[in-house]
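Structure, as structure tokens:
The values are calculated or read from the model by the stated rules, or taken from the named source; none is laboratory data. What you see is a predicted model, and the numbers here were worked out from it, not measured in a lab. Cβ atoms come from the backbone with ideal geometry, glycine included; neighbour counts cover every protein chain shown. Accessible surface is based on the protein model in full, side chains and every heavy atom, while ligands, DNA and RNA are left aside. Shrake-Rupley method; radii C 1.70, N 1.55, O 1.52, S 1.80 Å.
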Amino acid sequence: MTTTTLHKATAVVVADERPRKRRRGLAPGKRLPAARLAGPLLVLALWAAASAAEALDPAAIPAPWTVVETGAQLWTDGTLITDILTSLQRAASGFAIGLTAGVVLALAAGLTRTGEALIDGTVNLNRAIPTLGLIPLFILWLGIGETFKIAIIAIVVYIPIYLNTHAALSGIDNRFVELAEVQGLSKLRFIREIVIPGALPGFFVGLRLGVTGSWLGLVVLEQINATSGLGYLMFQATNYGQSDVILVGLVVYGIFGLASDSTVRLIERRVLSWRRTLSS
């Protein structure tokens, strides 16, 4: 009896020690270093290969090395650096105004019923109107100088920031509000400990969309009565059929767009390091 029991126990132990097939995880896996550069580098490699094989018309799509040479020439004579600084100043001014307006309006509409009644419908009406369609009206109001360009960029930026931040505020679980009331939190502590952490994920989504929108709006606005800027450089190159200069401008826009989006994503990961998500 004792011997039989011992043999059974030994068999169970041996069975447990057999290598088990590891179940495949459902998560995407570990984050690869510089993974977001893989796509742009692949496009660049295909572009270079097609140019080397003479599969592309050089007059329409110059080779990457031609674009690099043109960019270096524009940088050397000071044209490119001046236009870059002008574009950065416009984008930064409009973005700062739009960011401030989006956050303030979202807080006012998300924390008070009166603010929601007065603000939310107005912002959604503004969203329904194509922002670039407001350009003629803003030119009549503000003139054709720098002011209307910055104002249009600010509108392009504030709308996604407001919408995503307001949605995050509205989505805060009411149980947290009840818990704050039970704990006797003041209004200031409630905003600091419940509202802000709950709204940050949506805010960063809106921030990324706002950063991208500022560059998209800038491309169009700098072709309207401008004397400098990347958009102006590209518009002038269109008149003279300089496709290499146009591609230089597009590459610079792309670099700035990717760099600003990556910066926001990095800040988001640091600020929301407590949150465990699929992208963590």
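Worth a mention:
- Within-15-Å neighbourhood charge of Thr263 [Cβ basis; K, R +1; D, E -1]: +3
- Each Cα pair of the chain feeds into the Kirkwood radius, which the Stokes-Einstein equation turns, at 37 °C and 0.692 mPa s, into a diffusion coefficient of 142 µm²/s.
- Ranked order, Thr227, Thr100 - accessible area, probe 1.4 Å, largest first: Thr227, Thr100
- Mean separation of Cα contacts under 8 Å, 6 or more apart, over the residue count of the chain: relative contact order %: 22 percent
- Taken as Cα centroids, region 210-244 and region 111-174 sit 23 Å apart, rounded to the nearest whole angstrom.
- Check: the chain dipole with +1 on Lys, Arg Cβ and -1 on Asp, Glu Cβ, in debye: 1820 debye
- Solvent exposure of region 175-280 amounts to 57 Å² per residue of accessible area, where only protein heavy atoms count and the probe is 1.4 Å.
- Phe138, Phe235, ranked by accessible area, largest first (probe 1.4 Å): Phe235, Phe138
- Among residues other than Ile61 with Cβ under 12 Å from its Cβ, the summed charge is -3 (Lys and Arg +1, Asp and Glu -1).
- Region 82-195 - Rg and Dmax from Cα coordinates, angstrom: 17.7, 58
- Neighbour count of at most 14 Cβ within 10 Å plus DSSP loop: longest GluC sites (Glu not before Pro)-free window in the chain: 55-280
- Other residues with beta-carbon under 10 Å from the beta-carbon of Tyr162 carry, at +1 per Lys or Arg and -1 per Asp or Glu, a net charge of 0.
- Sequence of Asp83, Asp77 when ordered by accessible area, the most exposed leading, probe 1.4 angstrom: Asp77, Asp83
- Ligands, DNA and RNA left out, the accessible area of the chain computed with a 1.4 Å probe is 66% carbon and sulfur.
- When the Cα positions of Ala52, Val157, Leu74 are compared along the charge dipole of the chain, Val157 comes out farthest toward the positive end, with charges on each C-beta of Lys, Arg, Asp and Glu.
- The accessible area of Trp65, taken with all protein chains in place and a 1.4 Å probe, comes to roughly 130 Å².
- Protection-proxy order for peptides 248-259, 87-98, 151-162, each taking the mean of Cβ atoms within 10 Å per residue, highest first: 151-162, 87-98, 248-259
- Helices that extend 20 Å or more along their long axis by alpha-carbon positions and average at least -0.5 on the Kyte-Doolittle scale are, among the DSSP H runs of the chain, 2-16, 38-52, 79-111, 113-128, 146-170, 196-221, 243-271.
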